[in-house]
Amino acid sequence: MSLFGSIISKIFGGGAATAQASAPQASDTPTVSPAATGTGGAGSGTSGATAPTMGGAASPTSAPTGSAASVDVGQVLSDMAAKKGENLNYKQSIVDLLKLLDLNSSLPARKQLADELHYTGDKDDSATMNVWLHKQVVQKLAENGGKVPSDMQHT
């Protein structure tokens, strides 16, 4: 599963969001490729095998569908923070947001997330990338129907 798919799963509770976010990336390529090679490499089968690699990139905007509309992202994160007992600045920091969700917050993981969300800036400028990542994650949560509090939104 993509890192963004994991974020969606942790906040929206999995379900359809998890299946949609991980299915194109994890299951399509192995299923299609062996069938194509087993039949001697039929042309129509192999063209479908290359398309799923972009599936993970498309999932951030299409992952959750109906159930996300009822998710109060601010409340979910606030409840998680209360249980965690740490003072995390998850409303402004991508590192702290990932830590709150018990996800890998290392620089390589954040670079992976940047790739998933199509970051075009310098990934070695981690401060700028981190601000962009947080803004994008919050924006994608809202676009997918999550109710994001104003103090998390970037203006």
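Being part of a loop (DSSP other than H, G, I, E, B) and touching a His at 6+ places or on another chain (Cβ under 7 Å) is the filter; apply it to region 82-100 and report the residue that is most open to solvent (accessible area, probe 1.4 Å).
Among them, the one singled out is Q92.
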Filter region 123-155 down to residues that are in a helix (DSSP H, G or I), among the small types (G, A, S) and under 16 Å from K91 (Cα atoms), then give me how many there are. 2
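Out of all the residues in region 116-128, which are surrounded by 14 or more Cβ atoms within 10 Å (Cβ to Cβ) and closer than 16 Å to I7 by Cβ? Let's see the steps before the verdict.
Initial filter on region 116-128 (surrounded by 14 or more Cβ atoms within 10 Å (Cβ to Cβ)): 116-117, 119, 123, 126.
Within region 116-128, E116, L117, Y119 meet the criteria.
Matching residues to (1) modelled with pLDDT of 95 or more; (2) within 13 Å of the chain's Cα centre (by Cα); (3) within 26 Å of V71 (Cα to Cα):
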| residue | (1), (2), (3) |
| --- | --- |
| L97 | yes, yes, yes |
| P108 | yes, no, no |
| K111 | yes, yes, no |
| E116 | yes, yes, yes |
| V131 | yes, no, yes |
Evaluation of T120 against (1) among the β-branched types (V, I, T); (2) part of a helix (DSSP H, G or I); (3) modelled with pLDDT of 95 or more; (4) out of contact with any helix residue (DSSP H, G or I) (no Cβ under 7 Å at 6 or more places or on another chain) (one fails), failing number: (2)
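The values are calculated or read from the model by the stated rules, or taken from the named source; none is laboratory data. Here the structure is a predicted model, which is why all the values come from computation and not from measurement. Here Cβ is always computed from backbone atoms with ideal geometry, including for glycine, and neighbour counts include all displayed protein chains. The area values use the complete protein model at the heavy-atom level, side chains included, leaving out ligands, DNA and RNA. Shrake-Rupley method; radii C 1.70, N 1.55, O 1.52, S 1.80 Å.
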